[in-house]
Structures are given as C-alpha cells and as structure tokens.
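A.B. asks: Just passing along the structure, written as structure tokens.
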Amino acid sequence: MRTVFDIGMYDGADTAYYLQSGYRVIAVEANPELVQHAAEKFAIEMASGQMICVNAAISTSSAPVELVLSGADPGSSSVFSDRVAHRVPIGSITVPGMTMQDLLSRYGVPFYVKVDIEGADRLCVLSLTSENRPQYLSFEVGDDVEELVEHARKIGFGKFKIVNQTSFRELANQERLYDRIIQRVVRELGYADCRQIRRAGRFFVSGHSSGPGPWESDGNWYSADKTLARWRLAKAAGTLSGWYDIHAVHGDKAARSEPRYGLL
C-alpha cells in the first residue's frame, strides 16, 4: 500500500479521498480541534493503521510554535499572523513543531506529498531532495512559486501543472464553456459558486479539497520553464482567479494513472 502525506489535513476531505483510493495516509494538522474531529471521523482507518494523524505544525525545528487561530475558518489558522489578519484572528495556541526531515525519517518517502499549510508550504518543498522526493508533489502557489518550481526541477521533478483550486481545472482549461454554463446556472439558482465539482469520476468540495491527485488531475503537463512562463503571462494578462496549486511529477514524463481501490 503506497503512502500519501496530507500536510494540512484541514477537515479531512483530501484524506478521505486518498483513503478511498486505497492509499495509506499520514495526515499532518496543527490545529488540535481538527485533529480531534479526524480521530472521530476516521476511527476505523486509524485503528487499522491505514491512517496516522500527526498533530504538529511543520517548522524549522521540533520546538513548539504559536498557531494563530482563525475565527472565520479553522483551516485558515497559520503560524504566520499576517496570514490570519483578515480571517478574524481569535488568539493563538502553542502546538508541537516538526520538521519535514523528521516526518520523512519517521514515515519514509511517500508516493505523494500534498502541502497546503497557509504560507509554510516552502518549508516542505525546500526540504525535499533528490534522495527523499516523492513521485508526485503539490503545493499552493504563492509569491515564491518561481523559487519552489525551480527547486522541484533541480531535485528531479520534470513536469508541472497549474491547477485552479476553485474549479480543479488546469490553467489552460479554466475558461471552458461547459464550466461557464454550469456556473451561470448555479448563480441563477441563488448560489455564489459550485460547492461540489465532479472531476476524475467523483465529486470534490470546492474550498475544502485540493481536488484530484496529480496522477489524475485535469490538463496537460508542462516543463518547468513553460509552466513559469504560462504563470507570468496569465498574471500579467489578469486572467487569474481564485487560488492555484502546482502539481509536479518526478521525471520527464508523467506516469500513467495509478490503479485505484475502494469507492470512488
């Protein structure tokens, strides 16, 4: 059974998808309230050993760190206070720290690392080397996207996608006519956005899920140079909307989709 690191578990939407797809999941979450929720939601999987939940914040050391809590959304809590300033900060708590190296040493090199930890994604990505990198990687796009893509290329990731996290479409496909029609219908019904979006044969909840894993995510794969050029062009043209993840695969060619098990 291959292992997935879900770093930034939040409400467990991604973890549930990985578990249902037949993977062993190491879920990392700094917020103890969300960890407690996961212990109840995934009690069977945790008892069987298919899932392990680690209550820690990825940090530069194993020393405790301050987690600033968001009153608007527990998943928006962060070790960086400026990330929570506009998300109704309600105080802070001390949580265990853990380095990415410690996580890899304890649980081994996984098949896939998904990172979404409110501004600290770079701590995970820059800790990866050619010796400990997974086959697939995803992380949220920030101001450091060029640095992180270049680092990923340096350690062996050969192909990349830019995936819109409100629609789970690759950048080239985010304005598809079909999607625009669906969005118009949803808004005419009185809703702001589609909450559940069907991709890769199942539904993903927008705003709560990172969407399909890179091995079955939407769109084509591009080189690092092409990916960064596309990002700069879209940014300059003002065609970006919402937020985005980078998907990366090791090697020059994207591997075929992995066999999936369980319910989809």
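The values are calculated or read from the model by the stated rules, or taken from the named source; none is laboratory data. These numbers were taken from a predicted model, which means no experiment stands behind them. Backbone-built Cβ (ideal geometry, glycine too); neighbour counts: all protein chains shown.
A.B. asks: Specify the residue that is modelled with the lowest pLDDT; the eligible residues are those in the stretch 35-69 that are more than 17 Å from Val4 (Cβ to Cβ) and touching a helix residue (DSSP H, G or I) at 6+ places or on another chain (Cβ under 6 Å).
C.D. replies: Out of the qualifying residues, it is Val68.
A.B. asks: With the condition kept exactly as written, say whether any residue in the stretch 131-152 is at positive phi, surrounded by fewer than 19 Cβ atoms within 10 Å (Cβ to Cβ) and either in contact with a Gly (Cβ under 8 Å, 6 or more places away or on another chain) or not in a loop (DSSP other than H, G, I, E, B) (or both).
C.D. replies: Here is the first cut: in the stretch 131-152, the residues at positive phi are none.
Scanning the stretch 131-152 turns up no residue that is at positive phi, surrounded by fewer than 19 Cβ atoms within 10 Å (Cβ to Cβ) and either in contact with a Gly (Cβ under 8 Å, 6 or more places away or on another chain) or not in a loop (DSSP other than H, G, I, E, B) (or both).
A.B. asks: Related question: Can you tell me which residues in the stretch 44-63 are in contact with a Gly (Cβ under 6 Å, 6 or more places away or on another chain) and not hydroxyl-bearing (Ser, Thr, Tyr)?
C.D. replies: Hits for the stretch 44-63 are Ala57, Ala63.
A.B. asks: Taking Arg122 as meeting all but one of (1) part of a strand (DSSP E or B); (2) under 14 Å from the mean Cα position of the chain (by Cα), write down the number of the exception.
C.D. replies: (1)
A.B. asks: Could you check Ala72 against (1) surrounded by 21 or more Cβ atoms within 10 Å (Cβ to Cβ); (2) of a type in the set (A, V, I, L, M, F, W, C); (3) at pLDDT below 95 and say which number it fails?
C.D. replies: So the condition that Ala72 fails would be (1).
Quick grid of which residues meet (1) surrounded by fewer than 24 Cβ atoms within 10 Å (Cβ to Cβ); (2) β-branched (Val, Ile, Thr); (3) touching a strand residue (DSSP E or B) at 6+ places or on another chain (Cβ under 6 Å):
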| site | (1), (2), (3) |
| --- | --- |
| Met1 | yes, no, yes |
| Phe5 | no, no, yes |
| Tyr10 | no, no, no |
| Ala13 | yes, no, yes |
| Ala16 | yes, no, no |
| Arg24 | yes, no, yes |
| Val28 | no, yes, yes |
| Val35 | yes, yes, yes |
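A.B. asks: In the list Phe5, Phe42, which residue meets the criterion of being aromatic (Phe, Trp, Tyr) and without any contact (Cβ under 8 Å) to a residue 60 or more places away in the chain?
C.D. replies: On the way: Phe5 fails: without any contact (Cβ under 8 Å) to a residue 60 or more places away in the chain.
Of the residues listed, the single one that is aromatic (Phe, Trp, Tyr) and without any contact (Cβ under 8 Å) to a residue 60 or more places away in the chain is Phe42.
A.B. asks: Which count do you get for residues in the stretch 106-155 that are under 17 Å from Ile26 (Cα atoms), of a type outside the set (Asp, Glu), out of contact with any Lys or Arg (no Cβ under 8 Å at 6 or more places or on another chain) and without any contact (Cβ under 8 Å) to a residue 40 or more places away in the chain?
C.D. replies: Going through the stretch 106-155 one residue at a time, the tally reaches 4.
A.B. asks: Still on this structure: Residues that are of a type in the set (A, V, I, L, M, F, W, C) and within 24 Å of Phe204 (Cα to Cα): does the stretch 58-65 have at least one? Steps first, answer last, please.
C.D. replies: So in the stretch 58-65, the residues of a type in the set (A, V, I, L, M, F, W, C) come out as 58, 63, 65.
The next check asks that each one be within 24 Å of Phe204 (Cα to Cα); those that pass are none.
No, the stretch 58-65 contains no residue that is of a type in the set (A, V, I, L, M, F, W, C) and within 24 Å of Phe204 (Cα to Cα).
A.B. asks: When Val113 is evaluated against the numbered criteria (1) assigned to a loop (DSSP other than H, G, I, E, B); (2) buried (at least 23 other Cβ atoms within 10 Å of the Cβ), which criterion, by number, is the only one it fails?
C.D. replies: Condition (1) is where Val113 drops out.
A.B. asks: A further question on this structure: Name every residue in the stretch 74-107 that is of a type outside the set (A, V, I, L, M, F, W, C) and within 13 Å of Gly8 (Cβ to Cβ), in order of residue number. Steps first, please.
C.D. replies: Keep residues of the stretch 74-107 that are of a type outside the set (A, V, I, L, M, F, W, C), which gives 74-78, 81-83, 86-87, 89, 91-92, 94, 96-97, 99, 101-102, 105-107.
Pro74, Gly75, Ser76, Ser77, Ser78, Arg83 - these are the residues of the stretch 74-107 that are of a type outside the set (A, V, I, L, M, F, W, C) and within 13 Å of Gly8 (Cβ to Cβ).
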